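The values are calculated or read from the model by the stated rules, or taken from the named source; none is laboratory data. All figures in this text were calculated on a predicted structure; none of them were measured in a lab. Ligands, DNA and RNA are excluded from the accessible area calculation, which covers all protein heavy atoms including side chains. Shrake-Rupley method; radii C 1.70, N 1.55, O 1.52, S 1.80 Å.
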Amino acid sequence: MSLHPSARSWEIKREQVKIIKVVGKGAFSQVAKATAWSISNSEEYTTVAVKMLKGTVRNCELSKFMIHA
């Protein structure tokens, strides 16, 4: 599922991301420190934060997640 159309330019492919460690957890999501390859028109790694859903979620939880993504 894509982000809001205005934020799509921020999206990158999963293959470009390597999760390092989980740094925070919420009710239905968690945040991890990661590195991302080639995200700003350069062939370099960049440290990023990745927000991920935890396990199986209901539609209402997915909607809340997408609002805060």
Q: Please work out which one of (1) modelled with pLDDT under 90; (2) open to solvent by 80 Å² or more (accessible area, probe 1.4 Å); (3) within 13 Å of the chain's Cα centre (by Cα) is the condition SER29 fails and give its number.
A: (2)
Q: Return only the number of the condition from (1) at pLDDT below 90; (2) in a strand (DSSP E or B); (3) charged (D, E, K, R) that LYS21 does not satisfy.
A: (1)
(Q) Checking the structure you have, find out if any residue of the range 56-69 is assigned to a loop (DSSP other than H, G, I, E, B), at pLDDT 75 or above and not hydrophobic (A, V, I, L, M, F, W, C). (A) no
Q.
Need the failing condition index for THR35 against (1) at pLDDT 90 or above; (2) in a helix (DSSP H, G or I); (3) among the hydroxyl-bearing types (Ser, Thr, Tyr), just the number.
A. (2)
